[in-house]
1. Considering A:140, A:158, which residue is assigned to a helix (DSSP H, G or I) and away from every other protein chain (no Cβ under 14 Å)?
2. Only residues that are part of a helix (DSSP H, G or I) and more than 21 Å from residue A:10 (Cα to Cα): list them for segment A:184-201, please.
3. Looking at segment B:65-84, is at least one residue farther than 30 Å from residue A:201 by Cα and out of contact with any strand residue (DSSP E or B) (no Cβ under 6 Å at 6 or more places or on another chain)?
4. Tally the residues that are of a type outside the set (S, T, N, Q) and more than 30 Å from residue A:54 (Cβ to Cβ), restricting the search to segment B:129-172.
5. Looking at (1) without any contact (Cβ under 8 Å) to a residue 60 or more places away in the chain; (2) in a loop (DSSP other than H, G, I, E, B), find the lone condition where residue B:172 falls short.
6. Could you tell me which residue of segment B:61-85 is surrounded by the most Cβ atoms within 10 Å (Cβ to Cβ), considering only residues that are at pLDDT 95 or above and among the aromatic types (Phe, Trp, Tyr)?
7. Output the residue which, of all residues in segment A:41-98 that are part of a helix (DSSP H, G or I), in contact with a Lys or Arg (Cβ under 6 Å, 6 or more places away or on another chain) and closer than 16 Å to residue A:17 by Cβ, is nearest to the other protein chains (Cβ to nearest Cβ).
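The values are calculated or read from the model by the stated rules, or taken from the named source; none is laboratory data. Because the structure is predicted, anything quoted here is derived from the model rather than measured. Cβ placement follows ideal geometry from the backbone for every residue including glycine, while neighbour counts extend to all protein chains displayed.
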Number of protein chains: 2
Amino acid sequence: MKKPIEFYFDFVSPYAYIASEWVEALAARHARTVNWHAILLGATFQAAELKSPVSHPLKREYSLRDFQRSARFEGVPYVMPEAFLVSSMLAARVFWWLNDSRGPAAASAWARAGLRARFTRRVAIDDPVALKALAEEVGLDVAQAEAAWGDPQWKARLKRANDEAIAAGVFGSPFFLLDGEPFWGNDRKAQIERWLSQGPF
Amino acid sequence: MKKPIEFYFDFVSPYAYIASEWVEALAARHARTVNWHAILLGATFQAAELKSPVSHPLKREYSLRDFQRSARFEGVPYVMPEAFLVSSMLAARVFWWLNDSRGPAAASAWARAGLRARFTRRVAIDDPVALKALAEEVGLDVAQAEAAWGDPQWKARLKRANDEAIAAGVFGSPFFLLDGEPFWGNDRKAQIERWLSQGPF
């Protein structure tokens, strides 16, 4: 039995959004499944002493352009969000609540809905009101979702996910572990595809 | 007449080395030429408030692995250099001396020789003795090369190249400007190829 692709993402990451649109289909073509892991870039950036690409002069302007171009390159719709440096903490806690109580399929459906909402409809993923509206839209119990994101159990679960990701070497989003091999970035798609087709190269 | 591809590189950059092995052939297939620009990442990093990928925890280990894997992916030989955080100042001044006094072909031949020496034979590009040996090997007048890298004229020429690159938005290596469109990284090869084939996308 082939190992699943471990897929780490932050709801605020444009490149994770793009990758989230191809990772399941690519995995399926190679008889693999995908384990989704919601993480916070704030935690991995701290561990790796990094900042967001949009926090750097010159790189900011390039990145805003490249997010859109890379989405077009993959044929994925993209609308620039209103803000980049926002926290996906609440959305990520809902992810882990769903993952552990309803199963991975419910969690990854929430992940895809959240990423699409942020990057195609400018939904403010950090805003509790917008997040409740999104939860309702995708058929979650809104009161339960809100309770989950305030619950110490799911705060701790997200913290554990971040700690485990960092321990596994994850420092960015999207990040993939494939048979233990690390791949960082939407732009490693071709290398991942070769690995899936031919094995280690 | 189609515009040349503006190709910015630092002699110490592994991804620039990999890209230097495909950029000419790719350009030629699309009836383009390549304008090579030797720059110093030290200057662009300062402008963009960045550090080398190997200076960050977690990212360092990944990058050392990814340099090699990305070279294998492109079918390019790669031997890890002894050190990453070294200065290519002398080699870059020789580049601009050759560019302005012998022409771009002499400069790009030096660039390719320097990159290959560093990344396939562990030649210490920052060491004057090793650099003189390399100059001799590729048929340059060694005394002239040494005089050039100590000459204020070529110091100033390199500084101007860095300033112009930064003014054009360059913050890393390799960096490409293609019809004014910026592409950063060896991993933008597929996007560059699409642009060359189909124009803007």
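1. Just one listed residue meets the conditions, A:158.
2. Residues of segment A:184-201 part of a helix (DSSP H, G or I): A:186-198.
A:190, A:191, A:193, A:194, A:195, A:196, A:197, A:198 - these are the residues of segment A:184-201 that are part of a helix (DSSP H, G or I) and more than 21 Å from residue A:10 (Cα to Cα).
3. The initial filter retains those residues of segment B:65-84 that are farther than 30 Å from residue A:201 by Cα, namely none.
Among the residues of segment B:65-84, not one is farther than 30 Å from residue A:201 by Cα and out of contact with any strand residue (DSSP E or B) (no Cβ under 6 Å at 6 or more places or on another chain), which makes the answer no.
4. In the first step, residues of segment B:129-172 are kept if they are of a type outside the set (S, T, N, Q); the result is B:129-143, B:145-152, B:154-161, B:163-172.
Subsequent filtering for residues that are more than 30 Å from residue A:54 (Cβ to Cβ) retains B:129-143, B:145-152, B:154-157.
Adding up the residues that qualify gives 27.
5. Condition (1) is where residue B:172 drops out.
6. Start the filter on segment B:61-85 by keeping residues that are at pLDDT 95 or above, which leaves B:61-81.
Add one more test, that the residue is among the aromatic types (Phe, Trp, Tyr), and what stays is B:62, B:67, B:73, B:78.
Details: B:62: 21, B:67: 23, B:73: 19, B:78: 18.
Result: B:67.
7. My answer is A:53.
One line per residue, one yes/no per condition, for (1) surrounded by 16 or more Cβ atoms within 10 Å (Cβ to Cβ); (2) at pLDDT 95 or above; (3) closer than 30 Å to residue B:192 by Cβ:
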site: A:1; (1), (2), (3): no, no, no
site: A:10; (1), (2), (3): yes, yes, yes
site: A:27; (1), (2), (3): yes, yes, yes
site: A:40; (1), (2), (3): yes, yes, no
site: A:48; (1), (2), (3): yes, yes, yes
site: A:53; (1), (2), (3): yes, yes, yes
site: A:58; (1), (2), (3): yes, yes, yes
site: A:87; (1), (2), (3): no, yes, no
